[in-house]
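K.L.:
Structure incoming, see below.
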Amino acid sequence: MNKINLTNDFGLSRIVHGQMRMNNWKMTTRELSVFMEEVVGLGVTSFDHADIYGNYSCEAMLGEVLGMNKSLRNRIEIITKCGIKLVSEKFPERKIKHYDYSCEHIVTSVNNSLKNLRTDHIDLLLLHRPAPFFDPEAAAEAFSVLKREGKVLYFGVSNFTPGQYEMLNTFTGEKLVTNQVEISPYCLEHFENGNMDFFLKEKIKPMAWSPLAAGKLLNPYDEKGPRVMRALIQVSKELHVTPVDKVIYAWLLKHPVSMMPVVGSGRIERINHAVDALKIDMSLEQWYRIYIAALGKELP
Ligand SMILES: NC(=O)c1ccc[n+]([C@@H]2O[C@H](COP(=O)([O-])OP(=O)(O)OC[C@H]3O[C@@H](n4cnc5c(N)ncnc54)[C@H](OP(=O)(O)O)[C@@H]3O)[C@@H](O)[C@H]2O)c1
């Protein structure tokens, strides 16, 4: 599988595996190691985490795999995030969920992630969400400390608007390399808020989280879901492609912005559907049929 280059010397696999739900998969460390080898065998070498996933447990589960399967670390890229402080029994002093992008918190969070992941570096660190209380000089200072110490190779953001991205980028010596945002035929937000135009203009390759809308597209429960599903099924029949999730990935992959879907399934056959979708050639009209079904009205 081709890598998507985010800089001259750093790229991610076109399909990224998201491990937010890892603690739901109920796999032993050995089973997780076998599963990760299967995922890597598909060409999916980039793995997405956050400090908070699984109530601060998922990074350590990957760390146990890396402790057991020593050759794996050099064959994969690890993405993790920081900045959200959850209320958790692990942090009894916290009274309310909030965000912290102080230099001290970013550096401490990365040090914890490194310990949990049992690795000496994170390939890509993302600031998890934009914050109403944000000091870009503090974040930039954290980036330069972490880069200098070799603890983080590249930096990016998640869920940022173009304005927030540009603002932070003017403060950092280490330029941001990507923005991870929600994109699916269920969530068109970033087609509408200027982010897609910004990505194209700046040649930023975004990561698309919840590409199946967290499973909602396949188990629709509201009025929009079945409407989008009808369009997806129609296109899947025309393309002779089953199951329908392949059509969802093909829709994401067709867009010229070169997005990287972050696939959240714990089942190898479903991850393979995303990889298979790289071979699907969807027409422009089919792409629009799915877009218009999600929009719920004709284009002007
Ligand atoms: N940056 C952010 O703010 C942010 C937010 C959310 C997520 N993320 C990242 O994005 C990744 C993906 O998010 P996601 O897990 O919500 O993505 P997703 O791929 O849209 O959804 C995965 C969920 O859908 C289920 N699913 C897959 N195929 C299905 C099918 N055919 N029928 C029914 N259910 C199906 C999966 O269950 P099975 O495991 O049983 O297949 C899993 O529970 C996360 O792991 C995380 O890394 C980032």
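The values are calculated or read from the model by the stated rules, or taken from the named source; none is laboratory data. Bear in mind that the values here come from a model prediction, so they are computed numbers and not experimental data. Positions of Cβ are generated from backbone atoms using ideal geometry, with glycine treated the same way; all protein chains shown enter the neighbour counts. Each accessible area value is taken on the protein alone, full model and side chains, heavy atoms only, with ligands, DNA and RNA left out. Shrake-Rupley method; radii C 1.70, N 1.55, O 1.52, S 1.80 Å.
K.L.:
Taking the stretch 97-114 on its own, how many of its residues are among the hydroxyl-bearing types (Ser, Thr, Tyr) and touching a helix residue (DSSP H, G or I) at 6+ places or on another chain (Cβ under 7 Å)? Write out each step before concluding.
P.N.:
Here is the first cut: in the stretch 97-114, the ones among the hydroxyl-bearing types (Ser, Thr, Tyr) are 99, 101-102, 108-109, 113.
After this cut, where a residue has to be touching a helix residue (DSSP H, G or I) at 6+ places or on another chain (Cβ under 7 Å) as well, the list is 101-102, 113.
Within the stretch 97-114, residues that are among the hydroxyl-bearing types (Ser, Thr, Tyr) and touching a helix residue (DSSP H, G or I) at 6+ places or on another chain (Cβ under 7 Å) number 3.
K.L.:
Would it be correct to say that residue 226 is open to solvent by 30 Å² or more (accessible area, probe 1.4 Å), modelled with pLDDT under 95, part of a helix (DSSP H, G or I) and touching a Pro at 6+ places or on another chain (Cβ under 8 Å)? Break it down into steps so the answer makes sense when it comes.
P.N.:
Details: open to solvent by 30 Å² or more (accessible area, probe 1.4 Å): yes; modelled with pLDDT under 95: yes; part of a helix (DSSP H, G or I): yes; touching a Pro at 6+ places or on another chain (Cβ under 8 Å): yes.
Here the answer is yes, as residue 226 does meet what is asked.
K.L.:
Considering only residues that are in contact with a strand residue (DSSP E or B) (Cβ under 6 Å, 6 or more places away or on another chain) and aliphatic (A, V, I, L, M), look in the stretch 238-262 and name the one that is farthest from the ligand (Cβ to nearest atom).
P.N.:
259
Residue-wise test of (1) open to solvent by 50 Å² or more (accessible area, probe 1.4 Å); (2) of a type outside the set (A, V, I, L, M).
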{"position": "193", "(1), (2)": "yes, yes"}
{"position": "202", "(1), (2)": "yes, yes"}
{"position": "217", "(1), (2)": "no, no"}
{"position": "269", "(1), (2)": "yes, yes"}
{"position": "275", "(1), (2)": "no, no"}
{"position": "291", "(1), (2)": "no, yes"}
{"position": "296", "(1), (2)": "no, yes"}
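K.L.:
Which count do you get for residues in the stretch 17-53 that are in a loop (DSSP other than H, G, I, E, B), under 18 Å from the mean Cα position of the chain (by Cα), within 14 Å of the ligand (Cβ to nearest atom) and surrounded by fewer than 18 Cβ atoms within 10 Å (Cβ to Cβ)?
P.N.:
1
K.L.:
For the stretch 70-104, give me the residue count where each residue is without any contact (Cβ under 8 Å) to a residue 40 or more places away in the chain, under 24 Å from residue 131 (Cβ atoms), outside any loop (DSSP other than H, G, I, E, B) and out of contact with any His (no Cβ under 6 Å at 6 or more places or on another chain).
P.N.:
3
K.L.:
Please pick out the residue among 108, 80 that is at pLDDT 95 or above and open to solvent by 40 Å² or more (accessible area, probe 1.4 Å).
P.N.:
Values: 80 fails: open to solvent by 40 Å² or more (accessible area, probe 1.4 Å).
Just one listed residue meets the conditions, 108.
K.L.:
Checking the conditions here, which among 117, 127 is away from the ligand (no atom under 13 Å from the Cβ), touching a helix residue (DSSP H, G or I) at 6+ places or on another chain (Cβ under 8 Å) and either farther than 30 Å from residue 231 by Cβ or open to solvent by less than 30 Å² (accessible area, probe 1.4 Å) (or both)? First the steps, then the outcome.
P.N.:
On the way: 127 fails: away from the ligand (no atom under 13 Å from the Cβ).
Checking each option against the conditions leaves just 117.
K.L.:
Of the residues 70, 90, 85, only one is modelled with pLDDT under 95 and open to solvent by 10 Å² or more (accessible area, probe 1.4 Å); which? Spell out how you get there, then give the answer.
P.N.:
Values: 70 fails: modelled with pLDDT under 95; 85 fails: modelled with pLDDT under 95.
Exactly one of 70, 90, 85 is modelled with pLDDT under 95 and open to solvent by 10 Å² or more (accessible area, probe 1.4 Å), namely 90.
K.L.:
Ok, one more. Filter the stretch 159-185 for residues that are surrounded by fewer than 22 Cβ atoms within 10 Å (Cβ to Cβ), assigned to a loop (DSSP other than H, G, I, E, B) and within 18 Å of the chain's Cα centre (by Cα) and give the result.
P.N.:
159, 161
K.L.:
Still on this structure: Would you point out which residue out of 153, 200 is touching a residue at least 24 places away in the same chain (Cβ under 8 Å) and either within 15 Å of residue 101 (Cβ to Cβ) or assigned to a strand (DSSP E or B) (or both)? Give the steps one after another, and end with the answer.
P.N.:
Numbers: 200 fails: either within 15 Å of residue 101 (Cβ to Cβ) or assigned to a strand (DSSP E or B) (or both).
The match here is 153.
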